[in-house]
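The values are calculated or read from the model by the stated rules, or taken from the named source; none is laboratory data. As the structure is a computational prediction, the values presented were derived from the model and not from experiment. As a convention, Cβ positions derive from the backbone with ideal geometry for all residues, glycine included, and neighbour counts pool all protein chains shown. Only protein heavy atoms, including side chains, enter the accessible area calculation; ligands, DNA and RNA are left aside. Shrake-Rupley method; radii C 1.70, N 1.55, O 1.52, S 1.80 Å.
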Amino acid sequence: MSEQSLEQKQAQFDEYFSIAHCINANVRPLGMDEIVPDEDALEDSMPYAFRIASEMAALEAQAIRPLRNLGDHAETLAEYLNHQSRKIDLMMSFVLHQQDEPEHRFKTVKLGGGGVIIDSKEAMDVGTKAELKLFLDAEAAAIFCYGEVITCEQVEDSYHIAFIFNSIREQDQELLVRASLHIQTQQLRKRSKERKAGS
């Protein structure tokens, strides 16, 4: 694979919808001797909790789908299964939060399918590669991937550092796209309620 220019990386970052939203993210810059695994090797380098979390999400989606064909009788069963699913989500969220390392913790400014922007007290060089963990509380999910710094801009007394994903599983990227659209829907609903309350 040929090395992309910074402009191409920025275009790839901008290709995906992204939204201003704050979540916990772990950023651990890679050492000189560490390499970014390709997509095939990514799963092997991933902590076990991240692997089972995405498998559980996929199983859940498959389990609910057949119920749609059962008609009226399925409603009670679907409700019961949704409650069970919620309990599992809460447990999974707890397990994933054990992976959150305070010494590498940052807050995101923006996130989407192409990458994330974090808020940092210290600058990072463009081209710095890092291991990333993104904790999506609303989805009771977390994503493990690798990214590369494509911009570092000073904003008041901190830095907004943009990472493009350079090794992420397809299902995790899809989860981020869905999560960012879900967050947007929630934000629009909240604004609509505030407008109605104010009028």
Relative contact order for the chain, counting Cα pairs under 8 Å that sit 6 or more residues apart, in percent = 30
Between helix 74-97 and the chain: long-axis angle, C-alpha atoms, 0 to 90°, nearest 10 = 30
Roughly how many Å² is the accessible area per residue of the chain, as a whole number, for a 1.4 Å probe?
-> 62
Taking Rh as the Kirkwood radius, which is the inverse of the mean 1/r over Cα pairs, what is the Rg/Rh value for region 126-181?
-> 1.02
Rounded accessible area of residue 87 (nearest 10 Å², 1.4 Å probe) = 120
Mind checking the angle between helix 6-15 and the chain's longest principal axis? C-alpha axes, 0 to 90 degrees, to the nearest 10.
-> 10
For region 107-132, list residues with backbone N below 20 Å from a point placed 7 Å from the Cα of residue 19 toward its Cβ?
-> 107-119
Once the whole set of protein chains is in place, how much accessible area is left on residue 91, using a 1.4 Å probe, in Å² to the nearest 10?
-> 120
Taking GluC sites (Glu not before Pro) as candidate sites, keep only those in a DSSP loop with at most 14 other Cβ atoms within 10 Å, then name the longest stretch of the chain containing none of them.
-> 35-121
Taking the Cα atoms only, what angle lies between the long axis of helix 170-198 and the longest principal axis of the chain, rounded to 10 degrees?
-> 70
Taking every other residue with Cβ under 15 Å from the Cβ of residue 189 and scoring Lys and Arg +1, Asp and Glu -1, one gets +4
Of all accessible surface on region 115-199 at a 1.4 Å probe, what whole percent is carbon and sulfur?
-> 46
The set of residues whose placed amide H lies less than 5 Å from the amide H of residue 21, leaving out same-chain residues fewer than 5 positions away, is 110, 111
Could you tell me which label, among [x] 58, 33, 26; [y] 58, 52, 33; [z] 47, 37, 32, carries the value of Cα extents along the principal axes in Å calculated for this structure?
-> [y]
